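Notes follow once the structure below has been shown.
The values are calculated or read from the model by the stated rules, or taken from the named source; none is laboratory data. Given the structure is predicted, the values throughout are model-derived calculations rather than measurements. When we count neighbours, we look across all protein chains shown, and the Cβ atoms used for this are built from the backbone with ideal geometry, even at glycine. Each accessible area value is taken on the protein alone, full model and side chains, heavy atoms only, with ligands, DNA and RNA left out. Shrake-Rupley method; radii C 1.70, N 1.55, O 1.52, S 1.80 Å.
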Amino acid sequence: SLSVGLRRALCEKLGMKADRGWPIIKGLLTTHGALPDLVMAAGLCHQSEARDWLLDQLEQSADDNPDQLTLVQALSCWGAEVPAAVVRRCLVHPGQQHRLAGLELLQFRAHSLTDDELLDLCAEALQDLRDPVVVATIRVLQRRDGALISEKLADLCRNGSLPVAEAACRALGCIATPASQRCLLELSQELDDDSRRKMVSTQLSQQFRQ
């Protein structure tokens, strides 16, 4: 049998062959089942039939199936073509890696959502007790400049853990709109925690340096 590294390399090469690779990958999937390397190869080939196969497999999989994450990650190259229901399912999944994969997918469709819709999709991820999930969610939100987004980020500056507050504060600085600047100014006046207030002051000074 092939070593793990060699099998993975061969599957990557098959995936890179695109329309020529998919028939071979499909045959291997039929023979050997949805092995992780073959699933990733199906994603790499970027064929619509492969996408539909991945979506069908995902639909049939239970949330406690350890192979489900591989299916989601294989779908990531389709971006906005991945159904919204799949993104939402990832974002409410209890697993950290599922949520991070869902946030990666969300980046491709965030531009088509209103601020309310985006915040609704991100609600559970923003309440996650794991900092990496919340920080990754902040990175999605900071691409928007709406007042609702700035207010949510300000709330995270007040109530999030220190790493979350730092990421939210930087995001407010990146947004650089009158609404985000107002939020920073209000935070600088109301925060009692010295470290948080210092982060806010740094962002404020950068805003008005010009």
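Which option, (i) 17.3; (ii) 13.9; (iii) 15.1, is the value of mean projected area of the Cα convex hull in nm² that was calculated from these coordinates? Read-out taken from this structure: (ii). Here region 1-154 is assigned +1 on the Cβ of each Lys and Arg and -1 on the Cβ of each Asp and Glu. Its dipole about the Cα centre then comes out at about 640 debye.
Per-peptide packing, taken as the mean over residues of other Cβ atoms within 10 Å, places 69-76, 90-97 in the sequence 69-76, 90-97 from highest down. Once the gyration tensor of the Cα atoms in region 65-113 is diagonalised, the equivalent ellipsoid follows with semi-axes of 17, 11, 8 Å, ordered largest first.
Percent relative contact order of the chain, based on C-alpha pairs within less than 8 angstrom and at least six residues apart?
Over the chain, the number comes to 11 percent.
Could you let me know the centre-to-centre spacing of region 5-41 and region 130-150, using Cα atoms, in angstrom? Region 5-41 and region 130-150 have Cα centres separated by 36 Å.
The lysines within cross-link reach of K26, meaning a Cα-to-Cα straight distance under 25 Å and a gap of 8 or more places when in the same chain, are K13, K17. Within the shell defined by Cβ-Cβ distances under 12 Å, the residues around G102 carry a net charge of +1, with Lys and Arg each +1 and Asp and Glu each -1. Please calculate the 1.4 Å probe accessible area of R144, with all protein chains present, and give it to the nearest 10 Å². Only protein atoms counted, so the area is about 40 Å².
Here S201 and C77 are evaluated by their C-beta separation; at R0 = 35 Å the FRET efficiency comes out at 0.25.
The accessible-area ordering, largest first, of the residues M16, M40, M199 stands as M16, M40, M199, per a 1.4 angstrom probe.
Choose one of I24, S195, V92: the residue whose Cα lies farthest towards the positive end of the charge dipole of the chain (beta-carbon charges +1 Lys, Arg; -1 Asp, Glu; about the Cα centre). With unit charges placed on the Cβ atoms, the residue in question is I24. Cα centroid separation, region 74-108 to region 165-203: 29 Å.
For D56, D192, write out the residues from largest to smallest accessible area, computed with a 1.4 angstrom probe and no ligands counted.
Values: D56 75, D192 135 Å².
The most accessible residue leads, giving D192, D56.
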